Amino acid sequence: MTHWIDQIEWDKIITQIKNQKCVLVIGPDLVNYPNNQSLFQLLCESINQETDLQNHVESSLKHGFEHEELLQLKPYAQSDLIYDFLEKFYDSRNEFDAPYQQISQLPFHLIISLLPDKRLQNVFKETGTAYDFDYFSRITGQDKPDLKQNPTKEKPLIYNIMGVLDREEAVLTFDDMFQYLQNILFNTPSSLPTKLLRAFDNASSFLFLGVHFEKWYMQVLLRLFLPNDKNRRLKYSLLRDEQNHDSYTFFAQRLELDFLPVEPQDFLNELHKRFKEKEELKVRKRVFISYSHQDMEVAKKLRDKFEAENISVMMDEISMPAGEKVRNFMKKVNEVDKVVVIVSENSLKSPFVCKEIYLSFKNHKSLIPCHLDMQFLDKNHVPNTRVLITDTLTEINRLISERKAKDLLDPVSDLMQEEELWREFGVYLPEQIAQLQGSKSIAIGGDNYDNGLQQLMQNILL
């Protein structure tokens, strides 16, 4: 028997994804659940355990219509209470995190979600990946304005086509479903955004992951995704193995879809692997800005520019004890791609900046120095700074002796950590100044800022 991997035209799909010709549609069976249950079955179990909902949701029908995955509410049900519960329920579904992170790294330009929550949006936000978000309103229908811009792989659109929970516009009941279908199918002009319909029309392929095609309303919605010129489309629907094979045969003939008995996560793993091998994943660059707090204004200016260019930034903006600050950097430096150090008269006198430069070299991190002034080229800098270091150590030792005189049991650990930091500063200072003098430091001070910033961005994105 041919392996499912060999049944897919991977090169064609990858090319269409890169050319913004492939639409991804995700449903609730994107992931596996305990005991082979469906997401709706888990929801029903959770409702059954919530005593506050017993006066709002019909339990006699297993909370509704299980096959259609729709709830049946009691006549005087409080929708806000039900929506609050649903938001908490979806927030607890951590199974989606891994596949969503993979999706955020793949260059899809349009992702249609059949789930009503914003977990996928939040994953994009947490990973610092650019995106747009919108949803179809079953209540307002065509009254919503069009999208601000066309979906692109640089800034993909996440579109919740079944509504959203946080605005109480999800499709929960049969009444909701009828209202939804009336608004999405029978309004003229169409209630869907024009730019979204254009993206559907321009698509050459669709990937349906974990979508329940056997549901009658899903068959109706398919007509939104697959216009009349279906023959030129390549459409793969990846459901779970437990799906009914009669449904496979029926829909494969009627809608010209290829149904493959494979887990959607296995497909995502394979697609992600192939993009990774081609080095074409959307992985956001991450930098740490090392600076003296006296140069905070410049550091924040760089941070804002980097983030506007979709570069993730880490920097310490608060004062903290010496040991904690060093430990914090040691943790963060392993998470970033490059370290940008702002070299100035202020930072050259900072033992923290010195330590961060040392740890960057030690951890083989790419270090990009950019200078505000030419102090690092001053031949007297090292001897002058050694005087500062000696004076500081003398003062620290005086404070240690003073505190010990008051309490012999005082470990003075804070001062000991600070003393160690300043001693290391004195040891590494000559070597680090020599490294900075021999580096291609970028001038960002005064009139050099705009040109220097451009060079800095090029170095980060390399």
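Of all aspartates and glutamates in the structure, those lying under 15 Å Cα to Cα from LYS74, and not within fewer than 8 positions of it along the same chain, are ASP52, GLU58, ASP175, ASP176.
Hey, what number do you get for the chain at 222 nm if only DSSP H runs of n ≥ 4 count, each worth -39500 (n - 2.57), divided across all residues, to the nearest 500? Before the final figure, lay out the partial values.
Numbers: 16 runs with 205 residues, N = 462.
Mean residue ellipticity, 222 nm, calculated: -14000 deg cm²/dmol.
Split the chain at each of the chymotrypsin sites (Phe, Trp or Tyr not before Pro) in a DSSP loop with at most 14 other beta carbon atoms within 10 Å, and the longest piece is 187-462. Counting only DSSP beta bridges with both residues in the chain, the antiparallel share comes to about 5 percent. The share of C-alpha pairs in the range 286-461 whose separation exceeds 23 Å stands at 43 percent. Each distinct pair of alpha carbons in the range 340-381 adds a 1/r term; the inverse of their mean, the Kirkwood radius, is 10.8 Å.
Between the C-alpha center of the range 71-130 and that of the range 136-183 there is a gap of 13 Å. Measuring between their Cα centroids, the range 1-60 and the range 361-399 lie 56 Å from each other.
Pairs to check: LYS12/LYS88; LYS18/LYS338; LYS21/LYS118. Give those whose C-alpha atoms are more than 30 Å from each other in this structure. Spell out each step's value before the answer.
On the way: LYS12/LYS88 40 Å; LYS18/LYS338 27 Å; LYS21/LYS118 24 Å.
Going by Cα-Cα distance, LYS12/LYS88 fall outside the 30 Å limit.
The number of Lys pairs in the range 342-462 with C-alpha atoms less than 24 Å apart, excluding pairs fewer than 8 positions apart on the same chain, is 10. Debye calculation, C-alpha points only, no solvent: report log10 I(q)/I(0) for the range 127-214 at q = 0.11, 0.21, 0.23 Å⁻¹, in the same order as the q values. With no solvent term, the Cα-only Debye profile gives -0.35, -1.21, -1.34.
Within the set (i) 1.29; (ii) 1.43; (iii) 1.05, the number that Cα Rg over 2.2 N^0.38 Å takes when calculated for this structure is listed as (i). The H on the amide N of ILE442, modeled in the peptide plane, is under 5 Å from the matching H of CYS370, HIS371, each at least 5 residues off or on a different chain.
Readers should treat all values here as calculations from the given coordinates under stated rules, not as data from a laboratory. Bear in mind the structure is a predicted one, so any value in this text is a computation, not a measurement. Reconstructed Cβ throughout: ideal geometry from the backbone, glycine too, with neighbour counts over all protein chains shown.
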